[in-house]
Structure formats: C-alpha cells, structure tokens
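Below you'll find the structure, written out as structure tokens, and then a few comments.
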Ligand code: COI
C-alpha cells in the first residue's frame, strides 16, 4: 500500500516551543498517520495528513463497547543527532497480539513500522533535544462501525499521533510513592489485563484517584483471586531487588508484557544477576522491607522508563524502601537503558532502529 502525503505548507507548521519541562501527552505535532479498514476491502487509504479531530458516528462500536487497542513507544534524538527508536518491532508485534485478543484486524507490521518512521521523519523538528525528553508515539486502533449489537466491528480506523514529552511522573527519576490496593483489582487471568486496551486504564481510575488523594502517585495491583500476589502498577511493570535476586511478577495472563520489562530482565541477567519471573507475595515484600532483605524497588515502562519506588503503603501503614532514595541498581539500569536510547552507550543487543530524516 502507498502512503499518500498530505502535508501542511511550511508556513502553516508550528514549532516546538519551550523544550524544557515538557508535560506528558499534552502537545501534539502537526501531522498524523491514518488508515481505515472494512471487512470487505481490508486496510486502505493510508496517508500522513494534518493532525485533526476524527468524526465518528455516535453509534460507533468503540464508544459503546470499547473495542480499542493502543501502543506507546518513543523516538529519541541521539547525542550524534541521529533519531533512534527503541525495539519498535516489539510494539508492532504486541499491537497485533492485542488485535487478535480484541477480535480486531491485524496490521502489516513492516508497513506500519515504515509509516511510523516516515511520520517521525516528517516531524523530526518536534523531537525534543533535551536529555530525558523524547517524542512519544501513540498508535491506536478502534472499531468504528455504527452498530449497537455486541459483536466485533466490521470497520476500523488506525492512526499514529506524536507528542513531545518530558518525564511521565512529576518526580522525574526521583522515587515515587505507591499505594497497594486490596480493595480494587485490575485484571483477572483469562481477561484482558495482558492486552493494551483502553478499558484496563478506565477500570484503574477510581483506585488511582483514591490513592492520589492520600498522596500516592500510583497504585500497585494485587492478583484478583487471593489479593496476595503483586501484579503491576498500571502504567508500568514492577521489580523488587531482594538480597541476591531481582524479582518481577511472572506474565500470568493478567499483566502487561512490557518491552522495558523484557529489556531490563535481559540486561540484568547479562550483568550476572539472578533474575526471577515468579509469583511475589506482598507479604514477602513487606517482610523484605522490615528485615532489610529488600534493597530496591522500581517500575519499568516506556513512559515511566525506570522509576524508583521509595514508599509503599499497605493496609494502613507506610513503608520506606532504601531510605526513600534511588538505589544503585535502578540508577545503573536507567543509565544503561537511556544510554542505549540516546546513543551514548553501545547497543549490544541491536535494540535500536534508526529513522532517516526525510
Ligand atoms: C507507556 O508506557 O507507553 C504506556 O502505555 C503507559 C501509558 C498508559 C502512559
């Protein structure tokens, strides 16, 4: 499929103002990638066009039954001036995995990656230069058929929008405060907790709002059956560094298979650390804090990068991890990962794909 280019004339293009202190996900670039699908014709009409509102029928499936999936990745402006993407093929594969689970059409992964690179190249001046900031890339698919019966939509749109971003958390790379909820659950095995679909995030809002009111940045979810085993933090996966073991919850079917998670596991193993993907009882975490066996705790995610956790509230008590400070392992992982992403460290795994300027 060809990608039609419908670009704004140079005088109509805006500029990225004030690159320092960029908010997360509030500023959008001049153009977007867009294509449509019908059951009869497949994907068609691929174009890069000006960023604009989408007009949908009020009966569109997505509004009523949330048939929607998305991805999140970033383009980095490297120290050598080259534009880098971090493992974008993993996002494409996860997008199609999500599509299958939500009964949506798959996309041609190579084609969408090509379109994504083209869009980033066109919008290259929107990639912030400051270390720690990047161009966040948000691909999204939704069911758009006007039909109120409950079945998969016969029509879809897929688009990619771009947003120059700074740190996801106000705290930046400083430790955040996490609230462990045993009142709400995020996902059950056999459900869609391991799929990047909007409903998971909608379902998490009430717990997050309650946690925020109590002064916590995010919620740590426990498993839905026993409310005993740690799952994830909604916008990131979670790691615990016990004495001689870096542990993270196993992918049980209700946890999002994060690409940063996968990368951290690989790097830590290559550094000789014992890394386990296993069930982690919250009691083991609390006991680890009380006995000093738990040295560090941090989250991982595209938006969150590596985010140290300094405080954890559970059953009415607040526990301090590593004196509320960023630990050496979180720091080392952050430095290595961002070093690869911004190009000032070698990329031994071949994780980087370059975008050639248009
Ligand atoms: C990401 O890290 O890209 C995510 O998708 C989290 C997002 C919901 C902010």
Practice task
Being away from the ligand (no atom under 16 Å from the Cβ) and not assigned by TED's automatic domain parsing to the domain that holds residue 24 narrows it down to one of 204, 276, 208, so name that one.
Solution key: 276
Completion exercise
Note on residue 246: of the conditions (1) over 21 Å from residue 329 (Cβ atoms); (2) away from the ligand (no atom under 16 Å from the Cβ); (3) assigned to a strand (DSSP E or B), unmet is (1)
Problem - Of all residues making up region 212-228, the number that are away from the ligand (no atom under 16 Å from the Cβ) and either surrounded by fewer than 20 Cβ atoms within 10 Å (Cβ to Cβ) or touching a residue at least 60 places away in the same chain (Cβ under 8 Å) (or both) - result: 10
Completion exercise
Looking across region 136-150 at residues that are over 13 Å from the mean Cα position of the chain (by Cα) and within 23 Å of residue 95 (Cα to Cα), the single one that is surrounded by the fewest Cβ atoms within 10 Å (Cβ to Cβ) is 150
Fill in the blank from the handout: Considering residues that are touching a helix residue (DSSP H, G or I) at 6+ places or on another chain (Cβ under 7 Å) and within 16 Å of the ligand (Cβ to nearest atom), the number found within region 229-238 is 2
Problem - Unique match (being at pLDDT 95 or above, in contact with a helix residue (DSSP H, G or I) (Cβ under 9 Å, 6 or more places away or on another chain) and part of a loop (DSSP other than H, G, I, E, B)) among 184, 179 - result: 184
Exercise for the section: Answer yes or no: is there a residue in region 282-305 that is without any contact (Cβ under 8 Å) to a residue 60 or more places away in the chain, outside any strand (DSSP E or B) and under 26 Å from the mean Cα position of the chain (by Cα). Expected result: yes
Handout entry: Selection status of residue 121, more than 16 Å from the ligand (Cβ to nearest atom), modelled with pLDDT of 95 or more and surrounded by 14 or more Cβ atoms within 10 Å (Cβ to Cβ)
Key = yes
Practice task
Answer yes or no: is there a residue in region 117-124 that is under 19 Å from the mean Cα position of the chain (by Cα) and not assigned by TED's automatic domain parsing to the domain that holds residue 231.
Solution key: yes
Handout entry: Total residues in region 255-273, condition assigned to a loop (DSSP other than H, G, I, E, B) and either within 16 Å of the ligand (Cβ to nearest atom) or modelled with pLDDT under 95 (or both)
Key = 4
Exercise for the section: Inspect all residues belonging to region 140-158 and state whether any of them is modelled with pLDDT of 95 or more, touching a helix residue (DSSP H, G or I) at 6+ places or on another chain (Cβ under 8 Å) and within 14 Å of the ligand (Cβ to nearest atom). Expected result: no
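The values are calculated or read from the model by the stated rules, or taken from the named source; none is laboratory data. It should be emphasised that the depicted structure is a prediction, and the values quoted were computed from it without experimental measurement. Please note: Cβ atoms are built from the backbone with ideal geometry, for glycine as well, and neighbour counts cover all protein chains shown.
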